[in-house]
Amino acid sequence: MGLDSYAYVRAGAISDEQREFNHFGESSRELAYWRKHPNLHGWMEQLWCSQNTDPTADYSAFNGIELELTWADIDRLEDDIKNKRLPATSGFFFGEDSDDYYFQSDLEFVKNARAELFLGLKVFYNSSW
């Protein structure tokens, strides 16, 4: 058990039924995978919370939630990676800080995400822990 995080691309939204058939939907293609990268997950969770301001929502369990990443999100993520500003994040299944370990692959993800966005595809983040 542990924190598994994914980035993937597809042309648009899919239904819950399609998502159940295939983890990300049959029209999705994996772009990146991270095993126990808690600070990246924390960054994504903060982004999701900033977009969802429902006072009745439970924001304590950002798990299995699809988060679409925009050009602006990717730009900010790159800046935060390069300047080592991913938020310190912990959780029972999350593992230790792995920012240095994933530094180059995080920047590769940013580059690849931009290429997919340029092609008109949508980029998503999701996790399971």
**Request:** Kindly establish whether A115 is part of a helix (DSSP H, G or I) and either more than 16 Å from A7 (Cβ to Cβ) or more than 14 Å from the chain's Cα centre (by Cα) (or both).
**Result:** yes
**Prompt:** In the set L119, L67, L107, which member is aliphatic (A, V, I, L, M), surrounded by fewer than 19 Cβ atoms within 10 Å (Cβ to Cβ) and in contact with a Lys or Arg (Cβ under 9 Å, 6 or more places away or on another chain)?
**Reply:** L107
**Prompt:** Just one of the numbered conditions (1) surrounded by 12 or more Cβ atoms within 10 Å (Cβ to Cβ); (2) more than 21 Å from G12 (Cβ to Cβ) is not true of N112; which one?
**Reply:** (2)
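Residues are listed down the side, and each one gets a yes or a no for (1) modelled with pLDDT under 90; (2) under 14 Å from the mean Cα position of the chain (by Cα):
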position	(1), (2)
Y8	no, yes
A13	yes, no
E20	yes, no
G25	yes, no
S28	no, no
L31	no, yes
H37	no, yes
E45	no, yes
Y59	yes, no
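The values are calculated or read from the model by the stated rules, or taken from the named source; none is laboratory data. Keep in mind it's a predicted model, so treat the numbers as computed, not measured. Cβ: placed from backbone, ideal geometry, glycine included. Neighbour counts: every protein chain shown.
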